[in-house]
Amino acid sequence: MSDGKTHDRIGLQIAFPYSLALLLLFFPRLQYVALGLLAYLASIYWISPDLDTKSNPFNRWGILKWYWEPYRRLVKHRSHSHVPIWGVIGQIAYLFAIPLLYAAFLALTEGITAIRPLGEFAILHKTAIGVVFSGLFTGAGVHIVLDLKPKKRRKKR
């Protein structure tokens, strides 16, 4: 299991160029590459699988880390947050829980037409949304792979 500095270093120095290459290959437009790299960096520095502990990513939220405190207390370390894809989906759902609840409230009280602009936005920008999730999944994947490294064991005498 890697420490926070190792996650940051490998995520930036080694995996970042590969992410850039993949984005250029699959999404050759500059705005998609920039968006994907920003999402990738966010997944390493702020939306990390280690938000379930008092880690560097947790502390990087500064005065806003109070928002992640319930998540940190509810989610056992290395449980669902360290599961590929589901961990990111859970964190994004938690991050946007209040806006999503508000959208659901609008839909219930004012009808589905109240949230139609959100659906239209998602359809219009589906590639950009896909690029953002790709960057988030890639950063989380790098973190999870680094955590698979076994700990050094002491020799028994």
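Is it the case that segment 50-65 has a residue that's without any contact (Cβ under 8 Å) to a residue 12 or more places away in the chain, part of a helix (DSSP H, G or I) and closer than 17 Å to residue 145 by Cβ? If you could, list the steps in order and put the result at the bottom.
Step one: filter segment 50-65 for residues without any contact (Cβ under 8 Å) to a residue 12 or more places away in the chain, giving 59, 62-65.
Now narrow it down to the ones that are part of a helix (DSSP H, G or I): 59, 62-65.
Cutting the leftovers down to closer than 17 Å to residue 145 by Cβ gives us none.
Checked against the condition, which is being without any contact (Cβ under 8 Å) to a residue 12 or more places away in the chain, part of a helix (DSSP H, G or I) and closer than 17 Å to residue 145 by Cβ, segment 50-65 yields no hits at all.
Here's the yes/no breakdown for (1) of a type in the set (Gly, Ala, Ser); (2) open to solvent by less than 80 Å² (accessible area, probe 1.4 Å); (3) not in a helix (DSSP H, G or I):
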{"position": "71", "(1), (2), (3)": "no, yes, no"}
{"position": "76", "(1), (2), (3)": "no, no, yes"}
{"position": "89", "(1), (2), (3)": "no, yes, no"}
{"position": "104", "(1), (2), (3)": "yes, yes, no"}
{"position": "107", "(1), (2), (3)": "yes, yes, no"}
{"position": "140", "(1), (2), (3)": "yes, yes, no"}
{"position": "143", "(1), (2), (3)": "no, yes, no"}
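If a residue must be surrounded by fewer than 20 Cβ atoms within 10 Å (Cβ to Cβ) and over 12 Å from residue 91 (Cβ atoms), how many such residues does segment 35-51 contain?
4
Criterion first (open to solvent by 40 Å² or more (accessible area, probe 1.4 Å) and more than 28 Å from residue 27 (Cβ to Cβ)) does residue 67 satisfy it? Let's see the steps before the verdict.
On the way: open to solvent by 40 Å² or more (accessible area, probe 1.4 Å): yes; more than 28 Å from residue 27 (Cβ to Cβ): yes.
Yes.
Would you tally the residues in segment 9-34 being outside any loop (DSSP other than H, G, I, E, B), surrounded by fewer than 17 Cβ atoms within 10 Å (Cβ to Cβ) and of a type outside the set (Phe, Trp, Tyr)?
13
Report yes if some residue within segment 111-125 is under 17 Å from the mean Cα position of the chain (by Cα) and within 29 Å of residue 16 (Cβ to Cβ); otherwise report no.
No, segment 111-125 has no match at all.
Output the qualifying pairs, or none if there are none: Cβ atoms under 7 angstrom, residues six or more apart or on different chains, first residue in segment 68-91 and touching a residue at least 40 places away in the same chain (Cβ under 8 Å), second residue crowded, with 16+ Cβ neighbours inside 10 Å and polar (S, T, N, Q).
87/81; 91/81
The values are calculated or read from the model by the stated rules, or taken from the named source; none is laboratory data. On a predicted model such as this, the values are computed, not experimentally measured, just so you know. Methodologically, a virtual Cβ is constructed for each residue, glycine included, from the backbone with ideal geometry; neighbour enumeration extends over all protein chains shown. Only protein heavy atoms, including side chains, enter the accessible area calculation; ligands, DNA and RNA are left aside. Shrake-Rupley method; radii C 1.70, N 1.55, O 1.52, S 1.80 Å.
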